1. Would you mind putting 260-267, 341-348, 627-634, 330-337 in packing order, based on average other-beta-carbon counts within 10 Å, highest first?
2. What does the charge add up to near Thr433, with Lys and Arg as +1, Asp and Glu as -1, over the other residues with Cβ less than 13 Å from its Cβ?
3. Can you order the peptides 572-582, 587-597, 173-183 by their average number of other Cβ atoms within 10 Å per residue, highest first?
4. How high is the relative contact order of the chain, in percent, with contacts defined as C-alpha pairs under 8 Å that are six or more residues apart?
5. At a 10 angstrom cut-off on C-beta neighbours, averaged per residue, how do the peptides 415-422, 539-546 rank from highest to lowest?
6. Please state, to two decimals, what the Cα-based radius of gyration of the range 380-424 comes to when divided by 2.2 N^0.38 Å (N = residues).
7. Extending each Cα 7 Å along its Cβ direction at Leu385 and Ser451, get the distance between those two points in nm, one decimal.
8. For the range 433-464, list residues with backbone N below 13 Å from a point placed 7 Å from the Cα of Leu403 toward its Cβ?
Amino acid sequence: MDVFTSPQTVFFHSGSNFPNFPFQVASAETAPEIPTIDQAYSKISNSITVEWATVPGATSYLLTAQDGDTVIETTVANSPGTVTGLKAATLYQITVRSISAAGRSQASPPKQAKTVLAAPVLEASSPSSDSILVQWGAVYMATGFSVSIMRANGLGRMWKENTTNTTLTFTSLDAGTLYTIKAYAWNANGTPGDDSTCNQRTGPRAPADIQVSLDSGALAASVSWAPTEGASNYTALARSASSRRSCSTAASGCTIAGLRCGTEYLISVAASNDAGSSSSAAAVALTTVACAPGGVTIQEDPPGHLSVSWSNVDLGDYYVAFVKSDDGLEVHCNTSLTRCAFPSECGFTYFISVFAYNRAGQSPLGEVFNYTTAPCCPSDINPVLVSSDRVEMVWSPVRGAELYETRAADGLNVVQCNDTAPACTLSALECDTKYNVTVYSFSEARGSNTSCASRFVTTAPCSPEIQSLSKDALSATHVHWTSRNRGATYTVTARGQEGLFRCSSSGRTCALGGLPCGSLFSVTAVAETQAGRSLPSYSVPLETVPCCPAGLTVTQVTQSVVNVSWTVGTGALTYVTVLASRTGQSQCHTHQNHCLLGCVTCGVNYTVALKAISATGLTADCAYQRYASSVCCPLGVKLYRLGPHGIRVDWRAARGSASYSSDLHGSKGVFTCSPRAGLSFCDVTGIPCGDVYTVMVSPVAETGLKLTFCPKKIYSVTCSGSTLGMVIYRGKRNAE
């Protein structure tokens with residue numbers, strides 16, 4: 001081997017046993033020694049373990065495995081070390097380098113080592129409950145195989161077989177038991193390779209002690225058995241010549257549903273697990289109940305006698321026929337023949353069923369037949385509703401009747417209705433007419449019974465027709481109508497929000513009294529006889545005059561304007577207010593409940609009148625007591641000084657006699673004086689000077705109410721000058 005050196009790098013040419021790559025060489029003082037391999041061996045097919053003597057100063061080691069151009073390296077801390085990721089059954093050149101902080105040494109002298117054979121890939125199956133078949137593929141470089149088997153739980157013995165084949169069968173095993181299988185290959189030198197392991201369970205044995213019971217009503221077989229070792233599932237099978245039914249379960253019993261009647265089955269049970277199914281145990285015979293008899297025929301010959309017959313069925317030992325009437329009574333007959341006879345009655349529906357019996361029990365319920373005898377006539381026919389054009393008839397149901405026909409004849413015309421219910425409404429009849437009514441019963445199987453009796457029914461009277469409404473001087477309303485009824489009594493009803501008001505008569509008119517004002521009514525008339533009441537006539541509207549307001553109030557707003565207000569009058573839409581006197585009148589028309597009337601003369605007596613008018617123009621004249629307008633306000637109001645603390649208020653009284661009150665409003669208070677009756681002045685004392693006063697002189701009503709709409713004047717009261725004389729007039733102020 002040629003080596004070229006430089007201070008830190010060594011290159012190996014391709015003629016050497018090492019790959020062409022540079023590596024660092026430590027200086028003479030610090031480089032670790034080259035390790036010496038003691039041995040290299042393989043226990044696993046993808047790795048080689050190397051052992052060497054420890055090198056002083058080395059902190060780790062670099063292991064290299066080379067196979068031709070393939071190099072695999074790994075770094076370990078100490079000996080022994082293992083190189084992994086290798087190919088099975090392959091010869092490798094192994095070297096070791098020591099590594100320290102200064103670098104790494106040269107490679108050790110190589111040593112050859114060969115990886116062991118790969119583990120065989122196992123496939124196992126259980127062809128029977130006591131055997132396991134193991135199969136595997138060929139292994140490279142293998143000359144033989146060693147296969148062992150034992151229980152997975154470690155109990156019992158272990159079997160081991162050597163073979164050069166790739167299949168092996170273990171027999172005489174325990175059924176339903178999980179086994180662990182281990183195998184490895186060896187080479188020509190007898191060196192064993194990797195081993196592989198798999199688990200396989202043997203198939204279960206067939207269940208024993210099979211018990212079978214039949215649910216004849218549900219046609220289902222309950223099957224049970226003794227559990228078997230290692231079984232995870234069971235399948236019970238019922239086989240006949242024409243059908244197969246089964247059920248599966250993990251328990252020790254299941255129910256096979258959907259069996260056929262009149263059939264002989266063989267019942268078998270098989271156990272299964274992940275290895276497969278067992279053979280079936282010895283089958284158990286099961287016979288199901290017979291099928292329900294068919295071809296059932298029913299005849300009534302002669303009337304009052306029923307004959308029931310049917311066809312023979314397989315596996316049937318004897319028969320029972322049941323006949324139940326619709327009133328709950330049931331009879332039966334037991335026979336080995338195919339015919340039975342029963343008594344019957346008219347008007348009944350009979351329900352007939354036939355069962356076959358054998359040792360397994362009763363057959364399933366077959367078709368239930370019904371037979372209806374001729375219907376009877378209704379006997380308690382009653383009219384429950386009689387109107388002018390309709391009659392509703394009801395009766396008790398009769399046995400056997402599927403349809404009823406009701407006929408009503410008046411000698412000229414016939415009206416009829418058909419219904420399945422025991423009731424009929426005859427419509428389009430003539431009012432106040434006598435009809436002959438008959439009810440016939442029918443059945444689809446037997447036809448009609450035409451011997452039923454009839455009865456007479458008279459319809460209710462005809463509706464009257466209101467012709468007119470009139471009022472008399474006593475505020476009563478007279479209602480007039482026309483009608484063609486015989487012997488009828490008439491009732492007139494006025495219906496409104498205020499209630500009902502009635503009057504009655506056997507003639508063609510009657511009077512409604514006491515109707516409240518301001519109301520709307522709907523007026524109808526009804527005729528009544530022993531047969532019933534007619535429909536109401538068409539309604540006629542009736543409106544009474546609006547009600548007069550319960551109260552009216554007149555309030556003086558100004559000297560010439562008054563406000564008239566009143567309560568709402570029921571039924572009134574608008575109002576007309578009139579204020580009249582010898583000097584003239586004032587009037588307003590409004591939809592409100594108050595009105596302002598102007599041009600009123602003070603100190604004059606007026607008459608107040610009010611009219612309440614409805615939306616249709618009906619008017620109620622309402623009279624009220626007289627009203628006297630207020631006294632006129634005084635004129636010429638003046639103020640005079642009476643001294644340093646006194647003021648005289650003087651005025652000129654208007655027409656009419658009245659009491660007055662004078663108010664002086666200043667910044668320092670309000671001062672009031674009232675004269676004796678008949679005087680037109682009054683004095684105010686204790687009033688300070690040097691202030692401006694607002695003065696108003698007002699009439700006082702008889703009620704003591706002081707009128708506040710008279711004009712106000714403003715005066716300035718000075719403190720200088722004469723202590724007597726007029727006060728300076730400052731202006732006029734509108735009444736507030």
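The values are calculated or read from the model by the stated rules, or taken from the named source; none is laboratory data. Note that the structure is predicted; figures quoted are calculated from it, not measured. Reconstructed Cβ throughout: ideal geometry from the backbone, glycine too, with neighbour counts over all protein chains shown. Heavy atoms of the whole protein, side chains included, go into the accessibility calculation; ligands, DNA and RNA do not. Shrake-Rupley method; radii C 1.70, N 1.55, O 1.52, S 1.80 Å.
1. Order by mean packing, descending: 627-634, 260-267, 341-348, 330-337.
2. 0
3. Ranked by mean Cβ neighbours within 10 Å, highest first: 173-183, 572-582, 587-597.
4. Taking the mean separation of contacting Cα pairs over the length of the chain, I get 5 percent.
5. With the highest mean Cβ count within 10 Å placed first, the list reads 539-546, 415-422.
6. 1.20
7. Placing both labels 7 Å along Cα→Cβ, they lie 3.4 nm apart.
8. Correct set: 440-449.
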